[in-house]
Structure formats: structure tokens, C-alpha cells
Ligand code: AMP
Ligand code: MG
């Protein structure tokens with residue numbers, strides 16, 4: 001299949017490209033598009049056959065449900081049942097934005113979209129291209145991250161091209177995303193609501209809005225069965241063997257230098273994930289700065305891209321510093337730990 005690629009500029013959307021993409025979705029095809037979190041792979045969420053194509057294109061296990069994207073609160077009614085009262089408060093505060101909420105599903109949503117579950121995950125993105133596309137595409141667009149299953153999520157159209165060219169109908173290239181980690185997932189079918197995946201909307205932000213919120217134990221700890229089916233799969237994995245080194249900063253730097261030197265001596269190619277504050281201290285290997293500790297959102301936005309860069313550089317081992325779990329740090333560490341298969345060295 002030929003994959004059409006169209007550039008769309010924020011602030012002056014090319015109407016023809018968006019309409020072409022909308023027509024593909026309405027006919028049951030697949031279109032990758034930017035959102036503020038990561039690029040999504042869209043299909044008509046209410047058309048079971050279309051949603052099923054997503055699983056084939058990504059190589060995604062069929063029990064891993066899709067998030068349905070909408071652009072307005074009114075759209076919730078058709079696809080959900082028994083929506084709890086606090087939903088409006090949360091939606092007023094954080095929608096549109098990087099937050100997904102899970103509700104009981106209505107009959108309108110096929111099981112092919114929800115991985116056989118009686119619940120449905122819903123998000124209202126803020127990205128202008130995403131919103132325009134959802135509206136012309138029928139209003140309900142199922143969209144997981146637009147990567148091959150298991151690989152780091154795409155934060156630029158080039159990442160989508162790498163994984164899905166020839167497997168999908170179209171890619172809308174809206175440039176790099178602004179957040180870089182997938183949405184927070186909040187299960188609204190339990191009391192109190194539970195975070196199943198951390199993201200840019202933090203526990204503290206949700207609690208400021210509705211009071212107590214719990215967090216699924218599987219979010220940080222290994223060997224726990226997560227409540228979001230997709231969270232149990234190996235994810236975000238670079239091809240190299242990735243280890244996280246944690247502890248006091250000067251000891252972390254010495255340890256990474258020691259490990260990197262050993263591997264280089266053994267003839268292996270090594271990548272190091274440091275920060276603006278630390279990169280000058282590393283003495284060998286392919287050293288990359290992921291961002292600055294002064295603003296963790298800079299780390300979030302580069303995490304997946306840096307893992308893909310190390311894939312392209314064909315390194316054998318990657319050593320990464322560890323990050324605080326405050327605020328968005330909790331989402332950064334959740335993805336980094338998964339990418340590392342929970343391999344952590346404490347110094
Ligand atoms: P992705 O869109 O690729 O970032 O993945 C979507 C995530 O949402 C996966 O981890 C899914 O398991 C999770 N998810 C989607 N729908 C549901 C649902 N109804 N219940 C629990 N988790 C869900
Ligand atoms: Mg994904």
C-alpha cells in the first residue's frame with residue numbers, strides 16, 4: 001500500500017489535506033496524525049473492521065484496547081454509560097489535554113475497539129491538527145500511538161514513517177509534538193478513580209480537582225499485573241540493552257563511566273543518557289543530553305526520540321541516569337523503567 005505523506009502547518013491548516021485524511025477515515029482507512037502527547041494511528045472507532053486494521057498495522061496484541069478521541073464533551077454521551085459526576089469537574093480542568101478517562105461503554109462502541117472490554121477509554125486532545133481531523137473523520141477516532149508495537153512511541157512524523165510506511169494510508173506531518181509522553185489514564189469506573197498510566201496530568205493535579213485518587217501498583221513496580229491491558233507488554237524498548245543507574249549524582253556519573261569504559265574495551269558500542277548538567281562529565285561512548293533537570297518537561301519530550309536515535313546508531317548498551325518521580329517525573333520513570341525492562345543499578 002502507498003502511504004501518502006502531507007505536511008500540515010499549525011496556525012494555517014491545509015484544508016485539502018485534512019479533508020483527504022477525513023475521507024480516508026470515513027472509508028475505514030488508517031491515518032497517522034500528531035497530538036500533543038505522541039503521534040496517533042487513527043481509525044473510525046465505531047467501525048469494527050477499521051479499528052481492527054490498527055492492530056494488524058502495528059502488530060498490536062488484540063487484547064490491548066484503543067483510546068477513542070473526541071473533540072467535545074457532548075460526544076461522550078453516545079459512547080459511554082453511567083458517567084460519574086466528578087467527570088465534569090475533571091473535564092472542565094483538563095480537557096482538551098493529555099488525559100484519558102475510562103468509562104462503561106455503550107452499545108455504539110464495538111468490542112473490536114475496546115479489546116473485548118465493557119469499558120471504553122476516551123480522550124479529548126488539544127492539538128489543532130488532531131481536532132480538525134477528528135471532526136472531519138466522523139467525531140470518534142480510535143488512536144493508539146503510531147509505532148510498531150513494542151518500539152518507542154513516535155514524537156515526530158519521521159518516527160511514524162520509519163515504522164509504518166507501506167502499512168497505513170496516510171501520515172499528517174504536523175512537526176514534533178509538545179509533550180512527548182502518552183496521556184495519563186484515569187479509570188473513572190472505580191471509586192476513588194485510579195491512575196492506570198502516569199502522564200503529564202499528575203496525581204496531585206487530579207486530587208486538587210476531585211479529592212482522593214489512587215495509583216495502580218503496577219505503574220512503577222515490576223511483576224504486578226496492571227489494570228490497563230496494554231501496560232503489561234514490553235514497551236518503548238530500544239534494540240540495545242538499557243540500564244538505569246540511580247543514586248547520588250557524582251556516584252552515578254562514576255559508575256556509568258566505569259561501565260561504559262568496560263564495554264568499550266570489550267569492543268561494544270555504548271550510548272549514555274545524561275542531562276545538560278552532567279554530559280560534560282562522561283569520558284567515553286556516544287553521550288546524549290536528554291534535557292535539563294531544571295525543567296523535566298524537556299526530558300519528557302526527548303525520551304522516545306533519544307531511544308530511537310540510539311537504535312539508529314546501533315549501540316549495544318545504553319546507560320541512563322535516573323530522574324525524580326515528582327510531577328511529570330513519575331511518567332518519565334514509568335516509561336524509562338519499562339524501556340529498561342526494570343534493569344536498575346543502585347550506587
Ligand atoms: P496507546 O494508545 O498505545 O498509548 O495505548 C493505550 C493504553 O490505554 C493501553 O495501555 C491500553 O491498555 C489502555 N486502555 C485503553 N482502553 C482501556 C480500557 N477500557 N481499560 C483499561 N485500559 C485501557
Ligand atoms: Mg502505545
Over all directions, what mean area does the Cα convex hull of the chain project, stated in square nanometres?
-> 17.0
What's log10 of I(q)/I(0) for the range 295-335 at q = 0.17 Å⁻¹, Debye sum over Cα points only, no solvent?
-> -0.49
Would you mind classifying the range 35-165 by shape? Square roots of the alpha carbon gyration tensor eigenvalues, ordered a ≥ b ≥ c; an a/c under 1.5 is rounded, otherwise it is prolate if a/b is larger than b/c and oblate if not.
-> oblate
The rounded separation in angstrom of the Cα centers of the range 179-250 and the range 105-164 is 19
Quick one: give the max-minus-min coordinate of the C-alpha atoms of the range 119-254 along each principal axis, largest first, in Å.
-> 47, 42, 26
Let me know the volume per residue of the alpha-carbon convex hull for the range 19-89, in Å³.
-> 131
Virtual spin-label span in nm between residue 214 and residue 314, 7 Å along Cα→Cβ = 4.9
For the chain, what is the mean residue ellipticity at 222 nm derived from helices alone (per DSSP H run of n ≥ 4: -39500 (n - 2.57); sum divided by total residues; nearest 500 deg cm²/dmol)?
-> -9500 deg cm²/dmol
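Write down the percent of antiparallel bridges among all DSSP beta bridges whose residues are both part of the chain, to the nearest 5. List each step's numbers first, then the result.
On the way: 19 of 50 bridges.
The antiparallel proportion sits near 40 percent.
If you count the DSSP beta bridges with both ends in the range 214-318, what percent of them are antiparallel, to the nearest 5?
On the way: 1 of 9 bridges.
Roughly 10 percent of the DSSP beta bridges within the range 214-318 come out antiparallel.
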Once both label points are put 7 Å beyond Cα along the C-beta direction, the residue 347-residue 205 separation in nm becomes 3.3
Mind checking the angle between helix 249-265 and the chain's longest principal axis? C-alpha axes, 0 to 90 degrees, to the nearest 10.
-> 80
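Figure the gain on full extension for residue 250 and residue 266 (residue separation times 0.36 nm, minus the Cα-Cα span) and round it to one decimal in nm. Working shown, then result.
Working: separation 16, 0.36 × 16 = 5.76 nm, distance 2.47 nm.
Gain on stretching residue 250 to residue 266: 3.3 nm.
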Spin-label model distance (nm) - residue 63 vs residue 7, 7 Å beyond Cα toward Cβ = 4.4
When DSSP beta bridges are limited to those with both residues in the range 1-145, what percentage is antiparallel, rounded to the nearest 5?
-> 85
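No value in this document is a laboratory result; all are computed from the given coordinates. Keep in mind it's a predicted model, so treat the numbers as computed, not measured. Cβ coordinates were reconstructed from backbone atoms using ideal geometry, including for glycine residues, and neighbour counts include every protein chain displayed.
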